[in-house]
Amino acid sequence: MADLALPKTLLVPAGLAEGLTESGGTINDIVQDALNSPIHRERWKYTKADGFLTQLVALSKAPTIYGEQQTGVRWLRETISNPIPGLDLQQGPEAFARLCFSGEAMRLEITGSVTDPVTLIHRSNTLPVIVNLSASASLTLIEMIEGDEGQQTVWIDIGPNAKLNHSRNALNAASSSWQYASVRLQSSARYHLNNHVLGCGVRRQDLHVIMDGQGADAKLVSAGMVDNKAALDQQITLEHRQPRGHSEQTIHNIVANGGKCSFNGRIHIHDGASGTEAQLSNKNLGLGDNATINTKPELEIYNDDVSCSHGATVGTLSQEALFYLTSRGIDKAEAEALLSQGFLQQCIDGPLAETALKAMIGIRELGASL
Amino acid sequence: MKLLDVSNLHASVETDDGPQPILKGLNLTVKAGEVHAIMGPNGSGKSTLANILSGRPGYTVDGGEVMLGNNNLLNLEPFERAQMGIFLAFQYPVEIPGVSNMEFLKASIDSLARARGEEQPNTANFMRTVRELAGSLDLDPAFLKRGVNEGFSGGEKKRNEIMQLLLLNPKLALLDETDSGLDIDALKVVADGVNRYRNQSNGVVLITHYQRLLDYIVPDYVHVLSNGLIIESGDKSLALELEAKGYAWLT
């Protein structure tokens with residue numbers, strides 16, 4: 001395999017490079033090495049990275065925002081000049097590179113309990129977004145991904161006791177689409193993600209969650225539908241760095257009719273993160289002909305005092321459940337539709353649930369009224 | 001009027017070692033208004049009979065005929081049999097997370113109405129009916145929003161089956177060990193539900209291990225199934241005799 005290369009030389013904004021060059025070499029070399037490290041190659045095993053790398057230098061504009069005119073919300077465009085909490089070059093070298101190429105970012109600062117949601121609409125390529133929640137702040141953040149080709153990179157830092165409900169719909173029919181999100185939780189911070197996604201030409205979603213304070217709590221819930229030869233590649237790394245964290249991940253994907261879906265969920269529990277509870281469940285339903293499903297839950301634990309579970313399943317519709325439904329007069333096609341819908345519905349929730357349901361399965365009349 | 005007519009039914013179940021014959025020429029006639037209890041030792045073919053009648057996959061019919069009124073059931077899909085009026089109360093009702101009970105019941109009642117050329121009930125009225133039914137069977141109406149049978153106790157699952165029986169009002173109800181795993185109070189609730197369902201135009205086939213249920217749902221006939229054949233038929237006193245003597249004196 002040829003080496004992965006950035007489309008042009010990086011110019012690193014001052015402040016961003018702090019601490020990154022300790023190991024020696026130029027930033028360009030470090031990024032280049034990170035792109036080609038075995039662990040990173042593994043993350044790109046099922047999706048070609050080249051196309052995404054070429055696009056890192058594409059022109060970006062600010063996402064459209066709603067709800068920023070509230071007390072406790074600031075939204076500004078700024079030149080990148082300070083370190084970004086949670087930034088991890090090794091985890092996301094291409095996201096780091098995109099930040100450098102862009103040179104500027106949108107910053108969303110939340111300093112209180114914000115009542116109404118803040119909505120970001122990303123059409124095609126949007127500027128990197130940096131979200132800060134100060135101590136005890138709370139926010140509902142909604143993201144909608146639109147447009148044809150597009151890349152979104154988001155860094156979120158949640159202060160002590162702060163709370164973020166994050167809902168994201170990536171339901172656009174794009175030739176290629178990439179969402180990278182890094183989320184850092186400080187002590188007793190809470191993060192809840194509801195992600196709804198449709199496969200497209202090539203869709204990639206990277207999520208890096210860092211439990212960086214004691215008693216942090218993260219819940220990640222995602223529903224995906226990958227139909228008609230579409231592709232989806234989801235890569236989640238969740239690091240427990242501090243004691244008594246709690247994380248729960250539930251990812252359900254339907255892969256149908258030549259669709260291709262890859263999932264990699266890595267939980268890394270560091271030395272010292274005692275009393276950690278971490279759960280990961282990835283369930284895949286294959287329907288129709290020639291669905292491809294790759295799934296790999298990974299656990300890396302450097303601590304004895306943890307409670308951890310991870311599981312991945314790949315299956316088809318339960319024959320028992322099908323018989324139960326059809327024995328009540330429901331014909332086979334409708335019974336299958338009900339079961340598929342039920343499978344996804346377990347992971348569809350939050351403010352974007354209804355839109356997601358419509359796009360993913362076609363909502364039922366009664367389902368809406370319940 | 002004959003409701004169900006099973007004649008010379010031979011059937012086998014598919015196992016890893018090939019097909020295993022279970023029913024070996026079974027005959028059974030149920031007329032409108034009748035309740036038939038089917039008893040018999042483990043492995044005699046009681047559940048197989050219920051499964052074959054409702055069309056559960058995994059069984060092969062090797063011969064014989066099953067008529068529901070004028071319709072031959074054996075070539076029909078399970079949903080077509082249900083639309084013609086067959087209902088199976090499951091021995092082990094299935095849990096279906098993500099599909100709410102209410103959604104499921106509405107899909108079912110709409111399918112049955114469509115198949116019979118009747119108008120589908122309006123949603124508000126339907127939901128009211130279902131809530132009332134649930135209440136009458138001591139089921140917390142909150143369960144209607146939860147996944148089908150999800151997290152239900154054994155007793156709740158069985159009561160949910162009876163609620164569906166009352167809602168869908170089929171021509172013929174097959175109850176497959178609906179009493180198993182029920183405490184005495186739940187048993188009474190279930191029996192009361194079945195008695196509410198009974199009328200002069202429908203029929204019940206009740207599969208059970210124990211005479212106790214028959215104290216509450218009084219059968220017109222009791223049959224003993226053994227090794228794939230009905231070897232003895234009688235009235236409810238036969239069940240009492242079985243309770244006292246076991247099956248050994250017959251087999």
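The values are calculated or read from the model by the stated rules, or taken from the named source; none is laboratory data. As the structure is a prediction and not an experimental result, all values here were calculated from the model. Please note: Cβ atoms are built from the backbone with ideal geometry, for glycine as well, and neighbour counts cover all protein chains shown. What goes into the accessible areas is simple: the full protein's heavy atoms, side chains included, and nothing from ligands, DNA or RNA. Shrake-Rupley method; radii C 1.70, N 1.55, O 1.52, S 1.80 Å.
Some values worked out for this structure:
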read-out	value
Verdict on B:Ala142 being more than 13 Å from every other protein chain (Cβ to nearest Cβ), over 23 Å from B:Val35 (Cα atoms) and among the aliphatic types (A, V, I, L, M)	no
Cross-chain or 6+ apart pairs with Cβ under 9 Å, segment B:94-111 first and under 20 Å from B:Lys158 (Cβ atoms) and at the interface with chain A (Cβ under 7 Å from one of its Cβ atoms), then of a type in the set (Ser, Thr, Tyr) and surrounded by fewer than 22 Cβ atoms within 10 Å (Cβ to Cβ)	B:Val94/A:Ser318; B:Ile96/A:Ser318
When residues of segment B:199-231 are limited to those that are β-branched (Val, Ile, Thr) and not in a loop (DSSP other than H, G, I, E, B), the one farthest from the chain's Cα centre (by Cα)	B:Ile231
Inter-residue pairs, beta-carbon under 6 Å, first over 19 Å from A:Leu339 (Cα atoms) and in segment B:138-159, second of a type in the set (Gly, Ala, Ser), 6+ apart	B:Pro141/B:Ala134; B:Gly154/B:Gly181; B:Gly155/B:Ala186
Top-ranked residue in segment A:328-361 [being within 13 Å of chain B (Cβ to nearest Cβ) and free of Cβ contacts under 8 Å to residues at least 12 places away in the same chain; ranked as nearest to B:Glu103 (Cα to Cα)]	A:Gly342
Flag if A:Asp227 is farther than 24 Å from A:Trp44 by Cα and surrounded by fewer than 21 Cβ atoms within 10 Å (Cβ to Cβ)	no
Some residue of segment B:42-51 being within 11 Å of another protein chain (Cβ to nearest Cβ), at pLDDT 95 or above and closer than 19 Å to B:Ser7 by Cα	yes
Residues satisfying the stated conditions in segment B:230-251, i.e. aliphatic (A, V, I, L, M) and open to solvent by less than 70 Å² (accessible area, probe 1.4 Å)	B:Ile230, B:Ile231, B:Leu238, B:Ala239, B:Leu242, B:Leu250
Any hit, segment A:76-96, residues being open to solvent by 20 Å² or more (accessible area, probe 1.4 Å), hydrophobic (A, V, I, L, M, F, W, C) and modelled with pLDDT of 95 or more	yes
Within segment B:162-193, considering residues that are closer than 20 Å to B:Val218 by Cβ and within 14 Å of chain A (Cβ to nearest Cβ), the one farthest from the chain's Cα centre (by Cα)	B:Leu166
Single condition A:Gln319 does not satisfy, out of (1) in contact (Cβ under 8 Å) with a residue 12 or more places away in the chain; (2) more than 21 Å from A:Asp88 (Cα to Cα)	(1)
Some residue of segment A:11-18 being over 19 Å from A:Thr153 (Cα atoms) and surrounded by 14 or more Cβ atoms within 10 Å (Cβ to Cβ)	no
Pairs, first at the interface with chain A (Cβ under 7 Å from one of its Cβ atoms) and under 15 Å from B:Ala107 (Cα atoms) in segment B:73-84, second surrounded by fewer than 17 Cβ atoms within 10 Å (Cβ to Cβ) and not polar (S, T, N, Q), C-beta under 8 Å, six or more apart	B:Phe79/A:Lys332; B:Gln83/B:Ala115; B:Gln83/B:Arg116
Among (1) in a loop (DSSP other than H, G, I, E, B); (2) in contact with a helix residue (DSSP H, G or I) (Cβ under 9 Å, 6 or more places away or on another chain), the one test that B:Pro41 misses	(2)
Count of residues meeting criterion [open to solvent by 70 Å² or more (accessible area, probe 1.4 Å), at pLDDT below 95 and either touching a Leu at 6+ places or on another chain (Cβ under 6 Å) or not β-branched (Val, Ile, Thr) (or both)] in segment B:170-187	3
Unmet criterion (only one of (1) closer than 16 Å to B:Leu168 by Cβ; (2) at pLDDT 95 or above) for B:Glu118	(2)
The lone exception for B:Lys157 - which of (1) farther than 23 Å from B:Gly203 by Cβ; (2) under 17 Å from the mean Cα position of the chain (by Cα); (3) at the interface with chain A (Cβ under 8 Å from one of its Cβ atoms) it fails	(3)
Residue that is surrounded by the most Cβ atoms within 10 Å (Cβ to Cβ) [pool: residues in segment A:310-327 that are part of a loop (DSSP other than H, G, I, E, B) and facing chain B (nearest Cβ under 9 Å)]	A:Ser327
Residue under evaluation B:Glu119, criteria (1) at the interface with chain A (Cβ under 9 Å from one of its Cβ atoms); (2) more than 16 Å from B:Pro170 (Cβ to Cβ), criterion not met	(1)
